[in-house]
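Structure first, commentary second.
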Amino acid sequence: MRTQSSATATSPIAVTAPAAPRESGGLGTLQAALGVVAFSLTFPATAWGLESFGPWSLVAVRGVLAAVVAGGCLLALRVRLPDRRHLAGLAVVAAGVVLGFPMLTTLALETSTTAHAAVVVGLLPLTTAVFSALRTGTRPSRRFWLAAVAGAVAVIAFTLAQSGGTLTVADGYLFAALLVCAAGYTEGGRLARVMPGWQVIGWALVLCLPLSLPAAALALAYEPAHLTGHGVAGLLWVALGSQFLGLVVWYRGMAAIGIPRASQLQLAQPLLTLVWSALLLGERFTAAAPLTAVAVLVCIAVTQRS
């Protein structure tokens, strides 16, 4: 705790010990990467969840389950209530990551394949970097931005090729999801510098419980669940893996290595989701996927060295 409090009192660039940046940077990169792996399973798990639940009930129930687990951890460890000055930031995290992104992407997946959705959401690293620059005053290098834009262009080209050059209603949901999620990631990464990452997402989930609990009851009344093995597994993963555990390591990683750099690791997320979509859902994608993979990995290497 002493290390954390001293770090938050100084600029992210200033450090007191020469070895700390390398150690925290390596661990932070690993944590952010684990978050990306967890997030890459979100869309296939959501597709499984939609086999048993309607879109509204799936989002509401996942929020309730994640909030119960997070609230239990906060109570068990006797974590103090967050300072009033952090409530606005937690509200942004709740609106973007807990409510907005899950709802918008779930609506999109009713008519879109997980592979297509994953590639569109591949624009999230660039969107997050822009939000970070505006919100936190970060000024990445020109090479960083060129690599980020190149990665985004590769993702857009792949998306348009897959959809025949046109955008759909599902794409509209996905682009809106990009904006709200980038805002939530940026604010969560900022808060994770002054409180543990798991507390950031934990309090955001708990803040949503007064909304998600009645919403779950109402949604289940209008969208009765038809439980299957896939449906239950999908619900459990999006609630506990993506919504809680994935965000815990993700926010810790962003706090350690910075929001723009961590966000560029997500360039690999669409490609991981393509793999899961093929393995778990039997979806097929074109030969453009390996080419996009190479372009994205090159962009990641450049941004990490910037």
- Task: Counting helices only, and only those DSSP H runs with n ≥ 4, report the 222 nm mean residue ellipticity of the chain as the sum of -39,500 (n - 2.57) divided by its residues, in deg cm²/dmol to the nearest 500.
- Result: -22500 deg cm²/dmol
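Rounded to whole Å and ordered largest first, report the semi-axes of the equivalent ellipsoid of the chain derived from its Cα gyration tensor (root of 5λ).
Values: eigenvalues 168, 139, 45 Å².
They are 29, 26, 15 Å, listed from largest to smallest.
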- Message: Ignoring solvent entirely, what values of log10 I(q)/I(0) come out of the Debye formula for region 70-110 at 0.29, 0.30 Å⁻¹ when each Cα is a single scatterer?
- Response: -0.93, -0.95
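How many Å² of accessible area per residue for region 39-133, probe 1.4 Å? Intermediate results must be reported in sequence, preceding the final value.
Working: 3540 Å² over 95 residues.
The answer is 37 Å² per residue.
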- Message: Explain nothing, just the number: relative contact order of region 172-306, from Cα pairs under 8 Å at least 6 residues apart, as a whole percent.
- Response: 30 percent
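Please identify every one of the trypsin sites (Lys or Arg not before Pro) in region 24-89 that sits in a loop by DSSP and has no more than 11 other beta carbons within 10 Å of its own beta carbon. Please report the intermediate quantities before stating the final value.
Working: sites: Arg62, Arg78, Arg80, Arg84, Arg85; in loops: Arg78, Arg80.
Counting only loop positions with at most 11 other Cβ atoms within 10 Å, the trypsin sites (Lys or Arg not before Pro) in region 24-89 are Arg78, Arg80.
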- A correct Stokes-Einstein calculation for region 81-194, using the alpha-carbon Kirkwood radius, 10 °C and 1.306 mPa s, returns a whole-number D in µm² s⁻¹ of 106 µm²/s
- Excluding ligands and nucleic acids, what accessible area in Å² is computed for Arg190 using a 1.4 Å probe, to the nearest 10? 80 Å²
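Assuming R0 = 35 Å, can you tell me the calculated FRET efficiency for the pair Thr111 and Leu218, based on Cβ-Cβ distance, to the nearest 0.05? Kindly include the intermediate steps, with their values, before the conclusion.
On the way: r = 23 Å, r/R0 = 0.67.
Given R0 = 35 Å and the Cβ-Cβ separation, E is 0.90.
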- Taking 0.36 nm per intervening residue step and subtracting the Cα-Cα distance, what contour gain separates Leu281 from Val37 on full extension? 86.1 nm
- Grab the beta carbon distance between Thr228 and Val79, set R0 = 30 Å, and tell me the FRET efficiency rounded to 0.05. 0.25
- Message: I need to check one value: relative contact order of region 122-246, counting alpha carbon pairs closer than 8 Å and at least 6 residues apart, in percent.
- Response: 28 percent
- For region 234-275, compute Rh as the Kirkwood radius over C-alpha pairs and then the Stokes-Einstein diffusion coefficient at 10 °C and 1.306 mPa s; write the answer in µm²/s, rounded to an integer. 141 µm²/s
- Note on the structure: Expressed as a whole-number percentage, the relative contact order of the chain with C-alpha contacts under 8 angstrom and at least six residues apart is 40 percent
- Query: Of all accessible surface on region 185-277 at a 1.4 Å probe, what whole percent is carbon and sulfur?
  - Reply: 74 percent
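In region 56-165, what percent of the accessible surface is made up of carbon and sulfur (1.4 Å probe, ligands and nucleic acids excluded)? Intermediate values should be presented prior to the final figure.
Working: 3340 of 5110 Å².
Its accessible area is 65 percent carbon and sulfur atoms.
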- Between region 184-206 and region 154-182, how many Å separate their Cα centres? 27 Å
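Quick one: if you take sqrt(5λ) for each eigenvalue of the C-alpha gyration tensor of region 30-118, what semi-axes come out, biggest first, whole angstrom?
Details: eigenvalues 145, 46, 38 Å².
Rounded to whole Å, the semi-axes are 27, 15, 14.
The values are calculated or read from the model by the stated rules, or taken from the named source; none is laboratory data. Source: prediction; values computed, not measured. Every residue, glycine as well, gets a Cβ built from its backbone with ideal geometry; the counts of neighbours run over all protein chains shown. Just the protein is used for accessible areas: all its heavy atoms, side chains included, with ligands, DNA and RNA removed. Shrake-Rupley method; radii C 1.70, N 1.55, O 1.52, S 1.80 Å.
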